[in-house]
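Here's the structure we're looking at; comments come further down.
The values are calculated or read from the model by the stated rules, or taken from the named source; none is laboratory data. Because the structure is a prediction, the values reported are computed rather than measured. Positions of Cβ are backbone-derived with ideal geometry, glycine not excepted, and every protein chain shown enters the neighbour counts.
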Amino acid sequence: MDAEKIEIKKKIEEFARKIYEEFEKGNPSFKFIIRGNLKYVEYDPTKDLIKLKKSYGYREFFNLGHTRKFTQTILIAALAKKLISENRTASLREVFYQLRHTIPIINEDTFYEQKESDSVIEDLERTLNIIREKIHIKADRRGYVYGNITMRDRSRGDEWNCSKLGMGGWGVPSTIEEIEILDINADFVLVVEKDALFERLIEERFPEKHKAILISAKGQASRGVRRLIHRLRYEHNLPVYVFTDGDPWGYYIYSVIKRGSMKLSHFSELLATPDVKFVGMTMDDVDEYDLKRVTIKLTARDEKRIKELMEYPWFKKNRNWQRQFNKMLNKKIKIEQDALAAKSLEFVAEKYLPEKLSNPDKLLS
């Protein structure tokens, strides 16, 4: 077992020891960090990051409103220690089934559904300040990488090049800490929101023609994808560009990659990449590339979300983003990145992206 795993195991044991001492005193409880939302996060403009305000709560075993979560936390912590000791990993779903059982006499299930165990895992990682992947709990793979980048899995010794795995690329696991990047032959990283665009760019040989590492986020980027983007930028000094739909949901995908999320604000330093740039889609693209006929009308839900984004501190003081939001509201339209296919299938790879990427004034930050 390496030094980091030994230290993490000790941290879990110390957490358990303190709870045991509270039991001996007759009032078992533990302190936890409250989950981030707009009320409990703050924006650090100097680092351009969303950070968690450390607001604490207490879980008390003899408080009927707390007993269930208290017990669930002990179960999760015990399993995490076991996984580390045995050098095994478990998916979020496997954790739920490993720990779900009916307690005799009271006839109560430890967990009714997976979202309960997921929530407790998040509480534990905030409280211990250990990302869940380091306590050997993982999510499903989501997101793909294609391009001339050679990697090795330190735990297994396997090596691969992400341009030699077919058009699907390499599926990004939820943890990439055991993934060593051996070699990169690329000038930049392009993160796209959708698989369809990812596959289109591969078919048009965009990564080869422009020496790009291509990443499909598959919607909101997973922890593994965000961590990989962070590593490519800061360990390998590659500029990173993000390409999403021109709607509030796509713009928030970009925001999470850049500044972090409220939910994971306690790990923004590990997961966020503050100097990524936004390629598109923008409301300016609608005019410049004559795309009005392929726009979509905003829904009431879209408009509500745009107004929420406009009030976030990291968007509120950014004139360029405020202008985009206002144009969207005034025109009452949004546009998908797939709409560029209305020009031609190759348009996005041969004209749109090369023009945008070669002109810094067209990029948003």
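If I ask for residues that are under 19 Å from Arg68 (Cα atoms), in contact with a helix residue (DSSP H, G or I) (Cβ under 9 Å, 6 or more places away or on another chain) and among the hydrophobic types (A, V, I, L, M, F, W, C), which ones from region 98-149 would you list?
Matches in region 98-149: Leu99, Ile103, Phe111, Val120, Ile121, Leu124.
Among the candidates Ile213, Ile202, single out the residue that is in contact with a Leu (Cβ under 8 Å, 6 or more places away or on another chain), in contact (Cβ under 8 Å) with a residue 40 or more places away in the chain, of a type in the set (Val, Ile, Thr) and not in a helix (DSSP H, G or I).
It is Ile213.
Quickly run through region 47-89 and pick out the residues that are of a type in the set (Val, Ile, Thr), out of contact with any helix residue (DSSP H, G or I) (no Cβ under 6 Å at 6 or more places or on another chain) and more than 20 Å from Glu22 (Cα to Cα).
If the condition is that a residue be of a type in the set (Val, Ile, Thr), out of contact with any helix residue (DSSP H, G or I) (no Cβ under 6 Å at 6 or more places or on another chain) and more than 20 Å from Glu22 (Cα to Cα), then Thr89 is the only one that fits.
Filter region 27-81 down to residues that are β-branched (Val, Ile, Thr) and under 30 Å from Tyr254 (Cα atoms) and give me whichever is surrounded by the fewest Cβ atoms within 10 Å (Cβ to Cβ).
By that ranking, first place goes to Thr46.
Does Val120 qualify as being over 30 Å from Ile6 (Cβ atoms) and β-branched (Val, Ile, Thr)?
no
So, Lys263, is that one touching a residue at least 60 places away in the same chain (Cβ under 8 Å), in a loop (DSSP other than H, G, I, E, B) and of a type in the set (Lys, Arg) or not? Let's see the steps before the verdict.
Details: touching a residue at least 60 places away in the same chain (Cβ under 8 Å): yes; in a loop (DSSP other than H, G, I, E, B): yes; of a type in the set (Lys, Arg): yes.
So Lys263 passes the test.
Would you please name the residue that is nearest to Gly219 (Cα to Cα), looking only at residues in region 301-348 that are within 26 Å of the chain's Cα centre (by Cα) and in a loop (DSSP other than H, G, I, E, B)?
So, considering only residues that are within 26 Å of the chain's Cα centre (by Cα) and in a loop (DSSP other than H, G, I, E, B), the one nearest to Gly219 (Cα to Cα) is Glu336.
Does Phe30 fit the bill of being in contact with a strand residue (DSSP E or B) (Cβ under 9 Å, 6 or more places away or on another chain) and either of a type in the set (A, V, I, L, M) or in a strand (DSSP E or B) (or both)?
yes
Residues in region 349-364 that are farther than 15 Å from Asp284 by Cα and either free of Cβ contacts under 8 Å to residues at least 60 places away in the same chain or not in a helix (DSSP H, G or I) (or both): how many?
Within region 349-364, residues that are farther than 15 Å from Asp284 by Cα and either free of Cβ contacts under 8 Å to residues at least 60 places away in the same chain or not in a helix (DSSP H, G or I) (or both) number 2.
From the residues in region 95-112 that are of a type in the set (A, V, I, L, M) and within 34 Å of the chain's Cα centre (by Cα), which one is surrounded by the fewest Cβ atoms within 10 Å (Cβ to Cβ)?
Only one residue tops the list, namely Leu99.
Which one is surrounded by the fewest Cβ atoms within 10 Å (Cβ to Cβ) among residues in region 179-193 that are in contact with a Ser or Thr (Cβ under 7 Å, 6 or more places away or on another chain) and either under 21 Å from Ile257 (Cα atoms) or among the hydrophobic types (A, V, I, L, M, F, W, C) (or both)? Before you say what the answer is, go through the steps one by one.
So the first thing to find is which residues in region 179-193 are in contact with a Ser or Thr (Cβ under 7 Å, 6 or more places away or on another chain), and the list is 182-183, 192-193.
With either under 21 Å from Ile257 (Cα atoms) or among the hydrophobic types (A, V, I, L, M, F, W, C) (or both) added as a condition, the list becomes 182, 192-193.
Details: Leu182: 12, Val192: 25, Glu193: 25.
If we take residues in region 179-193 being in contact with a Ser or Thr (Cβ under 7 Å, 6 or more places away or on another chain) and either under 21 Å from Ile257 (Cα atoms) or among the hydrophobic types (A, V, I, L, M, F, W, C) (or both), then Leu182 is surrounded by the fewest Cβ atoms within 10 Å (Cβ to Cβ).
What about Pro274, is it surrounded by fewer than 21 Cβ atoms within 10 Å (Cβ to Cβ), part of a loop (DSSP other than H, G, I, E, B) and assigned by the TED database to the domain that holds Leu190?
Yes, satisfied.
Can you go through Ile19, Ile8 and tell me which one is touching a strand residue (DSSP E or B) at 6+ places or on another chain (Cβ under 7 Å), modelled with pLDDT of 75 or more and either assigned to a helix (DSSP H, G or I) or surrounded by 18 or more Cβ atoms within 10 Å (Cβ to Cβ) (or both)?
Going through Ile19, Ile8 in turn, just one is touching a strand residue (DSSP E or B) at 6+ places or on another chain (Cβ under 7 Å), modelled with pLDDT of 75 or more and either assigned to a helix (DSSP H, G or I) or surrounded by 18 or more Cβ atoms within 10 Å (Cβ to Cβ) (or both): Ile19.
Among the candidates Gly143, Gly166, which residue alone is over 29 Å from Ala3 (Cα atoms) and buried (at least 17 other Cβ atoms within 10 Å of the Cβ)?
Numbers: Gly166 fails: buried (at least 17 other Cβ atoms within 10 Å of the Cβ).
Sole residue among the options that is over 29 Å from Ala3 (Cα atoms) and buried (at least 17 other Cβ atoms within 10 Å of the Cβ): Gly143.
A quick yes/no check of all residues on (1) farther than 26 Å from Leu228 by Cβ; (2) touching an Asp or Glu at 6+ places or on another chain (Cβ under 8 Å); (3) outside the structural domain of Leu228 (by the TED database):
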{"position": "Asn87", "(1), (2), (3)": "no, no, yes"}
{"position": "Ala90", "(1), (2), (3)": "no, no, yes"}
{"position": "Glu94", "(1), (2), (3)": "no, no, yes"}
{"position": "Gln98", "(1), (2), (3)": "yes, no, yes"}
{"position": "Ile103", "(1), (2), (3)": "yes, yes, yes"}
{"position": "Ser119", "(1), (2), (3)": "no, no, yes"}
{"position": "Glu122", "(1), (2), (3)": "no, no, yes"}
{"position": "Asn129", "(1), (2), (3)": "no, no, yes"}
{"position": "Lys134", "(1), (2), (3)": "no, yes, yes"}
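So, in region 315-334, how many residues would count as being in contact (Cβ under 8 Å) with a residue 60 or more places away in the chain and either touching an Asp or Glu at 6+ places or on another chain (Cβ under 7 Å) or not assigned by the TED database to the domain that holds Thr282 (or both)?
1
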